[in-house]
């Protein structure tokens, strides 16, 4: 076998001496590395072992600042405030916390009961867990503790953020409140964010705060800290601030909400104001209210009991959670069902002798003497019950229920609030499913005037009114913008009802306010550009017994409060170009025209005027009373900068 | 004369070349890689599929490449040394023009699905070219200034391109790798003395330039130097990794804390513990014994390479072996010196152990050349 030099490259000249020299140098480097290793791992191993044991690195979460909630004009309605508090760690206090607590008690008040509670807690918890001694200290208390820190081993003054609701009870029901995370909360959340485990974290508990939790929470920051073997923090290595939750702008108007709350006063009532064009809920107010700040801070047991035992149920949200028989405010639904099905037209008349007899049973009109011959418009303006009894028998309940649903009753509107009620728009199938009974003609008669099985929330009544007024399928909304990104206003499709029929219903509602014999003419607006249309409703909360009937009609004033009728009123204005629709329910208020209509009118006026209702917009004889009311109110005048004007 | 001796006296051909591989080297490489897999399992908290498994696949592919290259005769490598260098150089230029911005430096070029790092390829092709050059050059000319200037320029041209990417670490590797080859080729030691003196002068100038408008290094590079000189000066910032690395390494002691028991490694104090700081994890968990074992294996790899080179009468093949093993040596010694706090933090992988595909592939390609040189040595 022959080999060419080209194939093997055998030039007979290796690298010899230099290769050995290189090997020596490399061996030298390797030896240096080995010696360094030996020095670190063998000779100085103990020192490094101590350092390693002494400093483990832990990641501690930082609670993010919760997103702010603004009203439609940029007024803060849920914000954050500095919260000064002190914590104590037993390990750092040298094991015995009592002397430290006694010394601390000279700086801040700690009751004996609280002292015992704390000592008990310290004995149960691990020595390295910081325990909150006192919360919401004043700056003076906080700084006096900070100054005396050297004498208070283990005591750490801390400052953090806590939720605050500057508008107090005005919006308590819609906003809800936040609170510390409970075990129950954790059990409901799958895969909870670790930030929920922090003792100072505040979780949205109910209402808007709870439903918008994911937007408002923000992202937790991180601190890398060096801790000793006992887990105590030695020093901070790095700090990465969290991200504040999104700023959410609601459709609410804080000033109008405030006015509505004060206008309802101590009544057990609810008011909803909705923009007829955009569906914006401008006000949604339940009365009486409570201070959500008390819940954030941990409400005392007597305060809580007082709220629970109050017969006006301050904790319940009557606007979306409360459902009421809508009474005569339901008559527009029955009328539209009649017109829509072609059973009647606007000119059709029924004769009202004061009652209708069906199956041997008398159904009375509210006016014993009867209304005589009644057409569509006068049936509304006089609120004649017999007209609707007759109509209901011709139309049938299923078509009435279908119309109710078209107008937004008997369906759950998707608002970020707690326990939004569905209400009931009953029909044959519903009664069969719910009660296992067949529908009776009498049920139709009751339903036709919004009694019996029909139930609606004030929110649903406001939506119904807005839909009748605008002729569009208005859907309510509460969120206007998130982090400055406006939620587009939906272009609502036209309602599936002939506009001519809607005009009849509107004319009837106009006659309620503005005709000589209208049931609510006292509560009319006398400014033509704000001409108002409305409908009263009075719904029974009890069955009238035969004995009572024999004794004659008992007036509401003679009954105990909780057996009086509910007063309802729905309205909108201006008549020609609807802007706002309002619904008001006064629980056990008596008559819709006397208890609910004036409140609804005043709230509507405030909304239209963008401020206190002008006295010249109401009939002359009511101006003094109105002025007196205004003077008695403590109205909210925002000095906060307006971010935007609707 | 036995049959085997007779056969060995000739250059093997065909598939039988596989019998003439430098088998000890193959086993050593596999042993080091296995240590790497073990450590990758450890830093993944016991999970195999996070890092260890993909790394195993890459290593298997690398082994195939290495054995495949071992079959290629030396005349081919000599023949492609110049074109390979030119190609790599052009790729470096291309990277400068169209390279993807990654990690703050232009280092990659995307060709379809393949992400090329020409500076890594250049390490190999520079060794090839210089080996071919000194094989061709008559021995009496090796230290003549003109004939020294040529390889210096061949080294500095790609180095300059890498430096403006900017990738200081790879530039140093290129210069040092080329230097080792020139040293092995027998260039007069005076030149090296002059270059070292000049380098010291340059470092002084660079440090002097800080803060002036002709500042020669990026701020982060200056900070690395500061960190190296005094890691405790900024314990929360740049010096943090080095301090924690030293603590972890030192606390391993004689026999370590045990597999997956390293307290420092468990905590997230090292951002690159599966790549640049993997030696720390080994040293903490297996102690001095474990760390020395790896160092020993590395030394044996270098030893077998040098033995192969010294016993090879083909100058080109010998120089390639020295150059590749020298680059490998630089890789592991720089990484170890860095994590032990003897060099500024530079961010270099531990060869065959760190997680990562590119450096592994380049290494196996290099070892393929070493094997080819071994298989085709003149007999």
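Any idea what the relative contact order of the stretch A:209-291 is, in percent, if you count C-alpha pairs under 8 Å spaced at least 6 apart?
About 23 percent, as a whole number.
Using just the helices of chain A, give the 222 nm mean residue ellipticity in deg cm²/dmol: DSSP H runs with n ≥ 4 each add -39,500 (n - 2.57), and the total is spread over all residues, rounded to 500.
Only helices count here, giving -10000 deg cm²/dmol.
Name the most mobile residue of B:131, B:61, B:309, meaning the one with the largest mean-square fluctuation, in a Gaussian network model of chain B with Cα contacts below 10 Å.
Of B:131, B:61, B:309, the Gaussian network model singles out B:61 as fluctuating most.
Taking the 0 to 90 degree range and rounding to the nearest ten, how far is the long axis of helix A:331-340 tilted relative to the main principal axis of chain A, both from C-alpha atoms?
80
From the Cα gyration tensor of the stretch B:3-375, with a ≥ b ≥ c the square roots of its eigenvalues, which class applies: rounded if a/c is under 1.5, or else prolate if a/b is larger than b/c, or else oblate?
It comes out oblate by the Cα gyration axes.
Once both axes come from the Cα atoms, what is the angle between helix A:623-632 and the longest principal axis of chain A, in degrees from 0 to 90, rounded to 10?
Result, in degrees: 20.
Under a plain spin-label model, where a point goes 7 Å from the Cα along Cα-to-Cβ, how far apart in nm are residue B:153 and residue A:188?
Going by the 7 Å Cα→Cβ label model, 8.0 nm.
Can you give the FRET efficiency for residue A:243 and residue A:609, using 1/(1 + (r/R0)^6), R0 = 45 Å, r = Cβ-Cβ distance, to the nearest 0.05?
So the FRET efficiency works out to roughly 0.65.
If you find the alpha carbon centre of the stretch B:291-319 and of the stretch B:164-207, how far apart are they in angstrom?
22
Mean separation of Cα pairs under 8 Å and 6+ residues apart, divided by the residue count of chain A: what relative contact order is that in percent?
14
Who wins for biggest fluctuation among B:285, B:208, B:96 in a Gaussian network model of chain B, springs between alpha carbons below 10 Å?
Looking only at B:285, B:208, B:96, the largest GNM fluctuation is found for B:208.
Compute the Kirkwood hydrodynamic radius of chain A, taking the inverse of the mean of 1/r over all pairs of distinct Cα atoms, and give it in Å to one decimal.
After inverting the pairwise mean of 1/r, the radius is 29.4 Å.
From a point 7 Å beyond the Cα of residue A:316 in the direction of its Cβ, which residues of the stretch A:407-432 have a backbone N at a distance under 16 Å?
It comes to A:418-424, nothing else.
Of B:16, B:58, B:47, which has the largest mean-square fluctuation in a 10 Å C-alpha GNM of chain B?
For chain B, modelled as a Gaussian network with Cα springs under 10 Å, the answer is B:16.
Over the stretch B:3-375, what is the relative contact order in whole percent, taking alpha-carbon pairs under 8 Å and six or more residues apart?
Computed over the stretch B:3-375, the figure is 26 percent.
Could you pull out which residues in the stretch A:502-533 have an amide N less than 15 Å from a spot 7 Å beyond the Cα of residue A:625, following the Cα-Cβ vector?
Inside the label zone: A:520-525.
Between 0 and 90 degrees, rounded to the nearest ten: what's the tilt of helix A:458-470 against the longest Cα principal axis of chain A?
Once rounded, one gets 70 degrees.
All of the numbers you see were taken from the coordinates with simple rules; none came from a lab. Values in this document were obtained by computation on a predicted structure and should not be read as measured data. In this analysis, Cβ positions are derived from the backbone assuming ideal geometry, glycine residues included, and neighbour counts consider all displayed protein chains.
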